[in-house]
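Only one structure is covered here, and it is reproduced in the block below.
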Amino acid sequence: MKWPTVLVLAACSTMPKPSLDGPISCGKNTCGSGEVCVIAEAGSQCGVNADAGVGPYQEYSWTCMALPRECDGVLTCDCMSRSYCDVSDDGRTLHYGCI
């Protein structure tokens, strides 16, 4: 029964790292090569600020930043110390929020 586990681990370790080349959109910003886009989103109640025009489940912050060395070239929720997050398929955008 150890074979399926070994095959899965081997497949994961050979997956190529996503490319961080070229610009990407990040809200009204444009992130450059080597940068990722980090987007904050309000939850159902947390992060909501009617006075600032932020409603439930609405994006309110877009930040371009260099991918930290701790991420080893791959954007993940763990390396960015974010809970309740999702990484885009291209590995360049992280959406995070609260419940």
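Laboratory data are not the source of any read-out in this text; all were calculated from the coordinates shown. Keep in mind the model is a prediction, meaning the values are calculated, not measured. Note that each Cβ is placed from the backbone with ideal geometry, even for glycine, and that neighbours are counted across all protein chains shown.
For the reader, a short list of remarks on this structure follows.
- Note on region 44-66: residues that are of a type in the set (A, V, I, L, M), farther than 15 Å from residue 20 by Cα and either assigned to a loop (DSSP other than H, G, I, E, B) or in contact (Cβ under 8 Å) with a residue 24 or more places away in the chain (or both) total 1.
- Residues of region 67-84 include none that is assigned to a strand (DSSP E or B) and surrounded by 12 or more Cβ atoms within 10 Å (Cβ to Cβ).
- Unique residue being under 14 Å from the mean Cα position of the chain (by Cα) and among the acidic types (Asp, Glu) when the list is 51, 21, 78: 78
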